[in-house]
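Chemist: Before we start, here is the structure in question, set down as structure tokens.
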Amino acid sequence: MSYLDKINKPEDLKNLSIEELTVLAQEIRDKIIETTAQAGGHIAPSLGVVELTLALYRVFYADQDKIIWDVGHQTYAQKLITGRRDRFHTLRQYKGISGFPKRHESPYDVFDTGHSSTSLSAATGFALARDFNNENYHIISVIGDGALGAGMAFEALNHLGHLKKDVIVVLNDNERSIGESVGALSQYLNKIITTRTYNRFRDDLWKFFGRFPPYFRDRARNYAKRIQEALKGLYAPSVIFEELGFRYIGPLNGHRLNELIDTFSRVKDMRGPRIVHVVTKKGKGYKPAEEKPEIFHGVGPYRVEDGAVKKKPVSFTSVFGNAIVRLAKQNKKVVAITAGMCLGTGLRKFRTEIPERFFDVGITEQHAVTMAAGLGLSGFIPVCAIYSTFLQRAYDQIIHDVCLQNVPVIFAIDRAGLVGEDGPTHHGPFDLSYLRCIPNMVIAAPKDGEELIGLLKTAVNYHKGPFALRYPRGSCGYFENEDPEPIPIGKAEVLNRGRDIAIIAIGSMVKPSIEAREILMSRGIEPFLINGRFVKPLDADILKEIGKKVKIIFTVEENVIQGGFGSAVREFFQNIKPRPEIYSIGIPGNFIEHGARRILLKIVGLDGEGIARQILSYL
């Protein structure tokens with residue numbers, strides 16, 4: 001029996017020696033690699049924190065302490081040691097375990113995460129509640145250096161330091177920013193500053209200086225603090241954290257179990273806000289992931305032997321990536337911006353071929369959008385490529401900084417609709433609703449790759465205001481014309497003429513609506529089929545024409561029904577007589593779980609059969 005087979009709950013880790021934990025770490029890595037090779041997932045982040053996970057759950061008492069994982073894509077090892085080992089093969093599959101922390105899934109998942117930089121704010125809330133209730137437990141936030149760069153994280157750091165609450169922040173520095181000072185001297189000094197003797201001396205000295213008159217007290221404390229910061233500054237980036245009110249410990253080698261366990265055991269007895277800086281390596285233990293951590297941050301099925309990723313059909317993302325490079329080479333004012341998702345948004349080619357006009361701002365969507373507004377007001381054409389779910393984080397900036405000033409910023413909204421295995425934190429079913437109500441915003445959704453290029457040309461070359469172009473995750477089908485004509489703003493497309501009823505589909509729902517029409521034709525129903533293309537503005541001419549010819553209109557969209565494309569069509573006909581009946585087909589108003597995209601679309605009735613079935617039930 002392997003050591004992993006013996007771990008049913010975190011408490012079982014306390015029975016293992018360091019040598020046994022080291023073997024367990026390798027078994028966990030093997031299990032993660034074996035499982036994700038079949039279904040994909042966030043491999044590199046999870047492989048990088050195996051020892052850190054074991055150390056945290058060995059030292060702290062997870063039944064009562066709260067360990068909060070930021071972003072949550074690094075919790076595969078945590079799942080394996082918290083009672084989900086036997087279900088781990090269902091990772092990210094429909095009805096299987098989630099790829100992110102889920103409170104309903106395990107009591108050890110104390111806060112649902114999927115977006116970044118939330119753990120420190122959550123920790124602050126937990127700490128306030130703990131102290132209000134006179135309870136006694138530890139709160140640990142594990143946050144990566146990428147997530148720490150977001151504004152929300154700094155807001156929470158500032159507040160935590162002010163409140164002086166007992167919270168431990170583990171900075172998981174995966175060799176992408178600070179952390180070059182790991183070595184014997186830093187380990188030795190780190191051991192000194194975490195000992196009870198050192199901390200008692202430090203606190204006693206502070207109190208001793210407090211007996212002096214104010215002038216001498218403040219000068220003495222200031223000198224003592226400057227000496228301490230100068231000493232620590234020789235080997236650690238501690239000053240900024242100390243100034244924010246945190247005790248800084250580190251940096252530690254994040255793959256040395258004995259060092260991690262020893263330090264966490266000492267830090268546990270300290271008081272006040274403290275930061276433990278841990279340096280890890282993304283993809284640790286799997287060479288392809290170590291060499292290409294960006295690719296293996298989140299990847300589909302791959303071959304274990306060499307890490308070769310299985311080929312996929314042409315995606316909307318890749319079509320956008322190629323098209324924006326061509327347009328940028330034709331127009332020197334085009335600038336590409338992404339918020340920490342260069343590969344995911346298809347901008348890798350842009351970064352390689354036009355690096356001087358490419359900006360990855362990290363996980364800072366708010367900054368990305370307002371920076372784009374500044375560029376747009378200065379005569380440039382900024383293209384913000386951001387996932388639908390992450391664009392939500394910059395909603396105020398879209399309204400206040402872009403649309404209010406009518407700035408020509410193009411939003412390339414990837415992963416719109418249901419994304420699949422990453423689940424509800426990453427689904428993007430709300431963008432049509434939350435963007436449609438904003439003045440000055442044009443919103444379009446292509447049915448295929450050719451239409452995406454045509455709409456992108458329109459946005460870059462022919463529109464002088466905010467333009468949102470939303471498209472789904474996955475294949476866009478094969479097409480030949482890579483240089484189509486721009487598409488006039490607000491122009492829909494009549495695909496099939498018919499009688500009695502009309503189907504108006506938008507974006508990714510055009511193809512399944514074509515399939516639905518064929519099913520309806522076999523039942524003797526011959527609908528008009530229209531590719532809406534634009535959610536805002538609508539094609540008034542085509543809508544008025546259709547409204548005179550049919551009594552019932554069905555709208556189909558991969559967005560929540562509330563406030564989306566169907567609502568827009570319904571509002572259009574509000575004051576028109578005779579008014580057709582309008583039925584909206586879309587994503588229901590509840591959060592959709594994780595699973596393969598094709599399965600989820602079928603469940604919510606957005607495949608061809610489902611659309612036809614819903615139309616027949618209405619009729």
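The values are calculated or read from the model by the stated rules, or taken from the named source; none is laboratory data. On a predicted model such as this, the values are computed, not experimentally measured, just so you know. Heads up, the Cβs are rebuilt from the backbone with ideal geometry, glycines too, and the neighbour counts pull from every protein chain shown.
Chemist: State all residues of the range 568-584 that are under 20 Å from S388 (Cβ atoms) and touching a residue at least 60 places away in the same chain (Cβ under 8 Å); if no residue qualifies, say none.
Modeler: Within the range 568-584, just A568 meets the criteria.
Chemist: Something else now. Pairs only if they're at least six apart or on different chains, beta carbon under 8 angstrom, first in the range 403-425 and farther than 17 Å from H42 by Cβ, second buried (at least 24 other Cβ atoms within 10 Å of the Cβ) and among the acidic types (D, E); list them, first residue then second.
Modeler: I413/D431; A416/D431; A416/E558; G417/E558; L418/E558
Chemist: May I pose another question? Of the residues R579, R598, R533, which is of a type in the set (D, E, K, R) and modelled with pLDDT of 95 or more?
Modeler: After ruling out the rest, the residue left standing is R533.
Chemist: Can you report the number of residues in the range 328-343 which are in contact with a Phe, Trp or Tyr (Cβ under 7 Å, 6 or more places away or on another chain) and at pLDDT 95 or above?
Modeler: Number of matching residues: 5.
Chemist: Here's something else I'd like to know. How many residues are over 24 Å from L80 (Cβ atoms) and not hydrophobic (A, V, I, L, M, F, W, C) when one looks only at the range 109-145?
Modeler: The qualifying residues number 11.
Chemist: So which residues in the range 426-444 are over 15 Å from V560 (Cα atoms) and touching a residue at least 60 places away in the same chain (Cβ under 8 Å)?
Modeler: M441, V442, I443, A444, listed by residue number.
Chemist: For the range 478-535, name all the residues that are in the same structural domain as P580 (by TED's automatic domain parsing), more than 23 Å from G417 (Cβ to Cβ), out of contact with any strand residue (DSSP E or B) (no Cβ under 9 Å at 6 or more places or on another chain) and touching a residue at least 12 places away in the same chain (Cβ under 8 Å).
Modeler: Within the range 478-535, just R523 meets the criteria.
Chemist: Need pairs with beta-carbon distance below 8 Å; first residue over 19 Å from G48 (Cα atoms) and within the range 76-104, second hydroxyl-bearing (S, T, Y); sequence gap 6+ or separate chains.
Modeler: Sorted first by the residue in the range 76-104, then by its partner, the pairs are G83/S106; G83/Y108; R84/S106; H89/T35; R92/S98; G96/T90; I97/T90.
Chemist: Which count do you get for residues in the range 126-157 that are assigned to a helix (DSSP H, G or I) and surrounded by fewer than 18 Cβ atoms within 10 Å (Cβ to Cβ)?
Modeler: Total meeting the criteria: 7.
Chemist: Ok, one more. Does G465 fit the bill of being at positive phi, of a type outside the set (A, V, I, L, M, F, W, C) and out of contact with any strand residue (DSSP E or B) (no Cβ under 6 Å at 6 or more places or on another chain)?
Modeler: no
Chemist: Based on this model, can you work out whether H277 counts as within 21 Å of the chain's Cα centre (by Cα) and under 21 Å from L52 (Cα atoms)?
Modeler: no
Chemist: Next question, about the same structure. Taking the range 313-348 as the search range and keeping residues that are part of a helix (DSSP H, G or I) and hydrophobic (A, V, I, L, M, F, W, C), which one is surrounded by the most Cβ atoms within 10 Å (Cβ to Cβ)?
Modeler: If we take residues in the range 313-348 being part of a helix (DSSP H, G or I) and hydrophobic (A, V, I, L, M, F, W, C), then F316 is surrounded by the most Cβ atoms within 10 Å (Cβ to Cβ).
Chemist: Only one residue in I603, I576 is of a type in the set (A, V, I, L, M), within 25 Å of L538 (Cα to Cα) and assigned by TED's automatic domain parsing to the domain that holds R517, so which one is that?
Modeler: Only one candidate passes the filter, namely I576.
Chemist: Under 9 Å between Cβ atoms, which residue pairs at least 6 apart in sequence (or on different chains) link something in the range 271-300 that is closer than 20 Å to V170 by Cβ with a partner that is among the hydroxyl-bearing types (S, T, Y) and part of a helix (DSSP H, G or I)?
Modeler: Close Cβ pairs satisfying both conditions: V276/T263; V278/T263.
Chemist: I'm trying to understand the selection: among the residues of the range 289-309, which are within 23 Å of the chain's Cα centre (by Cα), surrounded by fewer than 23 Cβ atoms within 10 Å (Cβ to Cβ) and of a type outside the set (F, W, Y)?
Modeler: E290, E291, K292, P293, E294, I295, H297, G298, V299, G300, P301, V309
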